[in-house]
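Since the structure comes first, as structure tokens, the remarks are kept for the end.
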Amino acid sequence: MLNAHWIPFAIIIALISGGCVSSGGSAPIEDRYSPSERAPKEYIVSRGDTLFSIAWRYGFDVKRLAAANKIPPPFTIYPGQAIHLKESNTVQVKRPTSVATAAKSPEVKAPSRDVAKPVKKPTPKVSSNKNESWRWPVNGRVVRAFVATGQAHKGIDIGGKIGEPVHASRSGVVVYSGSGLVGYGNLLILKHSEQELSAYGHNKRVLVKEGQKVKAGSVIAELGDSGTDSAKLHFEVRINGKPVDPLRLLPKQN
């Protein structure tokens, strides 16, 4: 029988060994996905997945992942499809004529037997934002910083109030909107260029849809606490599929 005086200490050790526990029961982002996580050999596509979300989940560059699986632009995938989780050393030369074209088609669609032709909507064009500065998505204090080593925290957490507006850090197109990536809650991913993506996690409510063009500073969501234990925005930036510290890109706070 354990001595009663040792029980609290044993519990503390167990909690430290097991990682952080949140009141919401969801694992923190860094405990689930990190650049050091070893991906399985293949991933079976589920409804709601996009090639962008799969690449984001396992830290791959979407173009090289597509090339390895011989998936041509605009990267359309289907439920039940097996995606080999590896990158090709070469990427396909042919590219969509606009960022928006790449964003609209990677959403998962089941093959349809309906012979009726779908109604085609005009594809929004995104002007070049190569020289556009990054903006803070919310005004708040950084409550958790980027960590590049070990079980990395692949972005920053910015504290805030439930329901306050979340802004697009740069102009781009929504390439993912959903809650399929465990640890991110309600997540948005924006594509800003062929190399740059940004993500906004734990939203209370998402105000934009996949394929929608957004301008820098426009309101895209409401800050929340989905998938976490407090009200905050998780913000990530990835370049060529790899996470970078957003504080290197954002203007310094006063």
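The values are calculated or read from the model by the stated rules, or taken from the named source; none is laboratory data. Note that the structure is a prediction, hence the values are computed from the model and not measured. Don't worry about glycine lacking a Cβ; one is built from the backbone with ideal geometry, like all the others, and counts go over all protein chains shown. Calculation scope for accessible area: heavy atoms of the full protein, side chains included, ligands and nucleic acids excluded. Shrake-Rupley method; radii C 1.70, N 1.55, O 1.52, S 1.80 Å.
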Quick one: residue 215 ticks every box in (1) open to solvent by 50 Å² or more (accessible area, probe 1.4 Å); (2) touching a Lys or Arg at 6+ places or on another chain (Cβ under 6 Å) bar one, so which box is it? (2)
Considering the range 176-193 alone, what residues qualify as being in a loop (DSSP other than H, G, I, E, B), touching a helix residue (DSSP H, G or I) at 6+ places or on another chain (Cβ under 8 Å) and under 19 Å from residue 77 (Cα atoms)? 180, 181
Flag if residue 230 is part of a strand (DSSP E or B), in contact with a strand residue (DSSP E or B) (Cβ under 8 Å, 6 or more places away or on another chain) and not aliphatic (A, V, I, L, M): no
Those residues that are of a type in the set (S, T, N, Q), touching a Ser or Thr at 6+ places or on another chain (Cβ under 9 Å) and open to solvent by 10 Å² or more (accessible area, probe 1.4 Å), I need them from the range 143-181; list them, please. 149, 151, 171, 179
What's the number of the only condition in (1) more than 10 Å from the chain's Cα centre (by Cα); (2) not in a loop (DSSP other than H, G, I, E, B) that residue 216 fails to meet? (2)
Matching residues in the range 59-109 (at pLDDT 85 or above, part of a helix (DSSP H, G or I) and buried (at least 20 other Cβ atoms within 10 Å of the Cβ)) number 4
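Yes or no, residue by residue, for (1) modelled with pLDDT of 95 or more; (2) basic (Lys, Arg):
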residue: 214; (1), (2): yes, no
residue: 217; (1), (2): yes, no
residue: 221; (1), (2): yes, no
residue: 227; (1), (2): no, no
residue: 233; (1), (2): yes, no
residue: 238; (1), (2): no, yes
residue: 241; (1), (2): no, no
residue: 249; (1), (2): yes, no
residue: 254; (1), (2): no, no
Flag for residue 222 being out of contact with any His (no Cβ under 9 Å at 6 or more places or on another chain), over 21 Å from residue 60 (Cα atoms) and among the acidic types (Asp, Glu): yes
